[in-house]
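Chemist: My questions will all concern the structure given below.
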Amino acid sequence: MLYGALEAGGTDETGKIYEQISIPTIEPEITMPKIIEYFKDKEIKALGIACFGPVDLNPASETYGYITTTPKLKWANFDIVGTMKSALHVPVGFDTDVNGSLLGEVTFGQAKGLTDALYLTIGTGIGGGVMTNGRLLHGMLHPELGHMKMIVHPKDTYKGHCPFHGTCFEGLAAGPAIEDRWGKKAIELKDDAFVWELEAYYIAQALHTLILTLSPEIIILGGGVMHQTQLFPLIRRMTLENLNGYLKTKELSDIDHYIVPASLHDDQGILGCVKLAIDAE
């Protein structure tokens, strides 16, 4: 039985990916016909979509399945779920891209068997997926963890890159903020110790807040910035320093297995879509 995952790929319920392609996200009029054409002859039983946002996840809403106030202006107020349902005539599961990545890790990866988990992607933006008591967290809309305000490092004079909040988490620690602050891409700064001390400072500050508010059993860090693996020891050390011994748990006593990199070779998002499709059928 085949399921479709919108990052465009086909797979079965075990998570084996049979075919995977990449279609650029340009504008709906160009991108969507290519996606529809790809899936039309695949005989999928259901489709899972994990989408950039903000998106409307409330099934009772008139705009359920829409991309809403996204910074990708050509996609604003686009009915992505309705478009795919009409074209393919199959059930469609829908969630945010980061919830999709978390769902992939919970279903097929290192968070399997856990009921409370956190996935953060730190790349061109920062987003977070949250599972609590075995359910993905939605609420009023869905978590926007990248836009928490930060305590700015005393030696950081950068104004912040976020057009909405300036020095929020994304405004200080996402890839574009790193490039704008230092005038170089992250990969060119690999050997500059202070760059990564500063980056770890903001990530650890965010994790401190999220550990105390969400109490996850595991924290998974993905995205392009986290390919700088030298960050992980710094983040773990600073997170423990921030907590200052306040919490005593088995997870925090084994910090190397608590704050971890993504485990599914960058396929966690597409595998999360598979689970969305399975649940939608």
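Chemist: Looking at the stretch 28-142, what strands (runs of 3 or more DSSP E) fall wholly within it and have at least 1 residues that are farther than 16 Å from residue 276 by Cβ and either free of Cβ contacts under 8 Å to residues at least 60 places away in the same chain or out of contact with any Pro (no Cβ under 6 Å at 6 or more places or on another chain) (or both)? If you could, list the steps in order and put the result at the bottom.
Modeler: Details: elements: 47-51, 92-96, 117-122, 126-132.
Answer list for the stretch 28-142: 117-122, 126-132.
Chemist: How about the stretch 191-263: which helices (runs of 4 or more DSSP H) wholly inside it have at least 3 residues that are of a type in the set (A, V, I, L, M, F, W, C) and in contact (Cβ under 8 Å) with a residue 60 or more places away in the chain?
Modeler: Values: elements: 193-214, 231-243, 250-253.
Those helices (runs of 4 or more DSSP H) span 193-214.
Chemist: Related question: For the stretch 7-48, how many residues meet the condition of being of a type in the set (Gly, Ala, Ser), in contact with a Leu (Cβ under 6 Å, 6 or more places away or on another chain) and at pLDDT 85 or above? Quick ask: steps written out before the conclusion?
Modeler: Going residue by residue through the stretch 7-48, those that are of a type in the set (Gly, Ala, Ser) are 8-10, 15, 22, 46, 48.
Narrowing further to those that are in contact with a Leu (Cβ under 6 Å, 6 or more places away or on another chain): 10, 15, 48.
Of the ones still in play, those that are also at pLDDT 85 or above are 48.
So the count comes out to 1.
Chemist: Filter the stretch 110-125 down to residues that are open to solvent by 10 Å² or more (accessible area, probe 1.4 Å) and within 13 Å of residue 224 (Cβ to Cβ), then give me how many there are.
Modeler: Pass one, the stretch 110-125, residues open to solvent by 10 Å² or more (accessible area, probe 1.4 Å): 110, 112-116, 121, 123-125.
Now narrow it down to the ones that are within 13 Å of residue 224 (Cβ to Cβ): 121, 123-125.
Residues flagged as open to solvent by 10 Å² or more (accessible area, probe 1.4 Å) and within 13 Å of residue 224 (Cβ to Cβ) within the stretch 110-125 amount to 4.
Chemist: Further question on the same structure: I'd like the full set of residues that are touching a residue at least 24 places away in the same chain (Cβ under 8 Å), in a helix (DSSP H, G or I) and small (Gly, Ala, Ser), limited to the stretch 172-190.
Modeler: 173, 175, 186
Chemist: Could you tell me how many of the residues in the stretch 36-63 are in contact with a strand residue (DSSP E or B) (Cβ under 8 Å, 6 or more places away or on another chain) and under 18 Å from residue 96 (Cβ atoms)? Let's see the steps before the verdict.
Modeler: First, pick out the residues of the stretch 36-63 that are in contact with a strand residue (DSSP E or B) (Cβ under 8 Å, 6 or more places away or on another chain): 39, 42, 44-57, 63.
Those still in the list that are under 18 Å from residue 96 (Cβ atoms) too: 47-57, 63.
Final tally of qualifying residues: 12.
Chemist: What's the number of the condition residue 158 fails, among (1) in contact with a Leu (Cβ under 8 Å, 6 or more places away or on another chain); (2) among the hydroxyl-bearing types (Ser, Thr, Tyr); (3) part of a helix (DSSP H, G or I)?
Modeler: Residue 158 satisfies all of (1) in contact with a Leu (Cβ under 8 Å, 6 or more places away or on another chain); (2) among the hydroxyl-bearing types (Ser, Thr, Tyr); (3) part of a helix (DSSP H, G or I) except (3).
Chemist: Follow-up question, since we're still on this one. Applying the selection to the stretch 148-167, what residues are open to solvent by 50 Å² or more (accessible area, probe 1.4 Å) and not basic (Lys, Arg)? Give the derivation first.
Modeler: Here is the first cut: in the stretch 148-167, the residues open to solvent by 50 Å² or more (accessible area, probe 1.4 Å) are 149, 151-152, 154-155, 157, 159, 161, 163-165.
Those that are open to solvent by 50 Å² or more (accessible area, probe 1.4 Å) and not basic (Lys, Arg): 151, 152, 154, 157, 161, 163, 164, 165.
Chemist: So which residues in the stretch 223-277 are of a type in the set (Val, Ile, Thr) and open to solvent by 50 Å² or more (accessible area, probe 1.4 Å), if there are any at all?
Modeler: Correct list: 229, 249.
Chemist: Something else now. Given the criterion farther than 20 Å from residue 264 by Cα and crowded, with 24+ Cβ neighbours inside 10 Å, identify the matching residue among 137, 172. Before you say what the answer is, go through the steps one by one.
Modeler: Values: 137 fails: crowded, with 24+ Cβ neighbours inside 10 Å.
Sole residue among the options that is farther than 20 Å from residue 264 by Cα and crowded, with 24+ Cβ neighbours inside 10 Å: 172.
Chemist: Hey, among the residues in the stretch 62-74 that are at pLDDT 95 or above and open to solvent by 10 Å² or more (accessible area, probe 1.4 Å), which one's nearest to residue 5 (Cα to Cα)?
Modeler: Within the stretch 62-74, the match that is nearest to residue 5 (Cα to Cα) is 66.
The values are calculated or read from the model by the stated rules, or taken from the named source; none is laboratory data. The structure displayed is predicted, hence computed values, not measured ones. We place every Cβ from the backbone using ideal geometry, glycine too, and count neighbours over all the protein chains shown. Quick note on the areas: whole protein, heavy atoms, side chains included, nothing else; ligands and nucleic acids left out. Shrake-Rupley method; radii C 1.70, N 1.55, O 1.52, S 1.80 Å.
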